[in-house]
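Notes for the one structure printed next.
The values are calculated or read from the model by the stated rules, or taken from the named source; none is laboratory data. Bear in mind the structure is a predicted one, so any value in this text is a computation, not a measurement. Cβ: placed from backbone, ideal geometry, glycine included. Neighbour counts: every protein chain shown. Quick note on the areas: whole protein, heavy atoms, side chains included, nothing else; ligands and nucleic acids left out. Shrake-Rupley method; radii C 1.70, N 1.55, O 1.52, S 1.80 Å.
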Amino acid sequence: MLNRRNFLTAAVGVAAATGLAACAKKEEGGKGGSGGGDGKIVLGFSQVGSESGWRSANTTSVKDAAKEAGFDLKFSDAQQKQENQISAIRSYITQGVDVIAFSPVVVTGWDAVLKEAKAKKIPVVLTDRSVETSDDSLYVTLVGSDFTDEGRRAGKMLEKVLETAGHKGPVKIAQLEGTTGAAPAIERAKGFKEVMDADHASDWKIVVSQTGDFTRAGGKQVMAAFLQSNPDINVLFAHNDDMGIGAIQAIEAAGKKPGKDILIVTIDGVKDGFIAMSEGKINGIVECNPLLGPQLMEVVKKVKAGEKVERWIKTKEGDFTQDQAKAALPSRKY
Ligand code: GYE
């Protein structure tokens, strides 16, 4: 927590200092004028949905930071549907906002709408999740986490968890994947597999893997099916806390003990994840920081002013084991 807060403060400080030093060039990054007519920066933001605790915290952070920065924020929730995000972005283009920011639900299929934004000279900032595009000029920067590294950290976390539990014998892993085609689902799986292939090719095996769409209901339903088809699973790696929490319900319903019969590693670090961990039901959590709002607003200001920004502004985060859960719980902000 402290690390993260220091990092954010430092990042904002650096951004502010750079902003003062550089003289604001209009025209270049944005449309030159402010779409609001009252001098406020108009930011169109298309959110993925409200699928998880992480997402709620992220939405609050974006809204609060936009208010704090004095922006006119146009916000829409795409309910995890790409077509909704595409129409939201189109409507921001039609309205002539200054900057568009969005957290893309999946990685592919954005080129057409991003080209429309570019044609209207509206800069696009990605936040949280990345896209795959043939044309790098279609977005300015990504403000978000390194999901591949989070997957690797989850692999390393599982090593610790197995050791603490004194686990012997084969490690039969069930993986609950995030939304199919989403950057965090692809990259977390990739990072985890890297660790597995490099150091545990003979003793770890992913026996089942399926999407739970980053939701509790999805996690519960898919885990129940996993337990039916593979009752010998002894580890669960869930791409987010919410699916892990849903899975805990399914594990208990099957008469097993989460955190004991099935060791659980998740990613995010939302309050409910920490509560489950302090109750011994989750064994390790890899943090993914949702409080991206302040960093995002700083970047939007710079982009609007035509200043150069880094291509990827990474988020700093930590890892937590059960013995740290109780101490960390009161200071969890989301
Ligand atoms: O881990 C999950 C959310 O994109 C990092 O999306 C985000 C992920 C997060 O639904 O809980």
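Specify the angular offset, from 0 to 90 degrees and rounded to the nearest 10, of the alpha carbon long axis of helix 2-21 from the longest principal axis of the alpha carbons in the chain. Compared with the principal axis, the helix lies near 20 degrees.
3J(HN,Hα) along the stretch 76-84: 9, 10, 8, 6, 6, 10, 4, 4, 5 Hz, from the Karplus curve 6.51 cos²θ - 1.76 cosθ + 1.60 with θ = phi - 60°, whole Hz, x for Gly and Pro. At each listed q (0.31 Å⁻¹), what is the log10 of I(q)/I(0) that the Debye formula gives for the stretch 289-334 modelled as equal alpha-carbon point scatterers? Ignoring solvent entirely, the Cα scatterers give -1.19. For residue 72, the residues 5 or more places off, or on other chains, whose built amide H falls under 5 Å of its own are 41, 42, 43.
If a/c stays under 1.5 just call it rounded; otherwise compare a/b with b/c (prolate if a/b is bigger, oblate if not). Do that for the stretch 99-143, with a ≥ b ≥ c from the square roots of the Cα gyration tensor eigenvalues. Mind showing how you got there, number by number?
Numbers: a/c = 1.71, a/b = 1.23, b/c = 1.40.
Note, shape of the stretch 99-143 comes out oblate.
The Cα-based radius of gyration and maximum Cα-Cα distance (Dmax) for the stretch 147-288 are 13.1, 36 Å. For residue 146, the residues whose amide H sits under 5 Å from its own are 315, ignoring neighbours fewer than 5 places away on the same chain, with H placed 1.01 Å from N.
Highest-first packing order for the peptide set 49-55, 165-171 is 49-55, 165-171, based on the mean count of other beta carbon atoms within 10 Å. Relative intensity of the chain on a log10 scale, I(q)/I(0) at q = 0.06, 0.10 Å⁻¹, equals -0.22, -0.59, per a Debye sum over C-alpha point scatterers of equal strength in the absence of solvent. Mean separation of Cα pairs under 8 Å and 6 or more residues apart, divided by the residue count, gives the chain a relative contact order of 21 percent.
Considering only protein heavy atoms and a probe of 1.4 Å, how much of the accessible area of the chain is carbon and sulfur, as a whole percent? Present the calculation step by step, with values, prior to reporting the outcome.
Numbers: 7570 of 14230 Å².
Heavy-atom surface of the chain belonging to carbon and sulfur, 1.4 Å probe: 53 percent.
Summed over qualifying helices (DSSP H, 4 residues or more, each -39500 (n - 2.57)) and divided by its residue number, the chain shows a 222 nm mean residue ellipticity of -14500 deg cm²/dmol.
Keeping every protein chain in place, order 75, 320, 45 by accessible area at 1.4 Å, biggest value first, i.e. largest first. Show your work: numbers first, answer last.
Working: 75 65, 320 25, 45 0 Å².
Sorted descending by solvent-accessible area, the residues read 75, 320, 45.
Given a cut-off of under 8 Å on Cα pairs at least six residues apart, what relative contact order in percent is computed for the stretch 73-144? Working shown, then result.
Details: 100 pairs, mean separation 20.4, N = 72.
About 28 percent, as a whole number.
Per-peptide packing, taken as the mean over residues of other Cβ atoms within 10 Å, places 285-292, 273-280 in the sequence 285-292, 273-280 from highest down. Run through the DSSP bridge list for the chain and note the antiparallel percent, rounded to the nearest 5. If we restrict to bridges inside the chain, about 5 percent are antiparallel.
Relative to the dominant Cα principal axis of the chain, helix 183-199 is inclined by about 40°. Centre-to-centre, using Cα atoms only, the stretch 158-235 and the stretch 56-98 are separated by 33 Å.
Sorted by average packing, counted as other Cβ atoms within 10 angstrom per residue and highest first, what order do 188-195, 265-272 take? Mind dumping the intermediate values first?
Values: 188-195: 20.8, 265-272: 25.8.
In decreasing order of mean packing, 188-195, 265-272 become 265-272, 188-195.
Surface listing: 202, 91, 145 arranged by accessible area from highest to lowest gives 202, 91, 145, probe 1.4 Å. At what distance in nm do the modelled label points of residue 253 and residue 168 sit from each other, each positioned 7 Å from its Cα along Cα→Cβ? Computed distance between label sites residue 253 and residue 168 equals 3.5 nm.
Just give me a number: lysine pairs in the stretch 294-334, eight or more positions apart or cross-chain, with C-alpha atoms less than 20 Å apart.
Details: 301/314; 302/314; 314/333; 316/333.
Total qualifying Lys-Lys pairs in the stretch 294-334 comes to 4.
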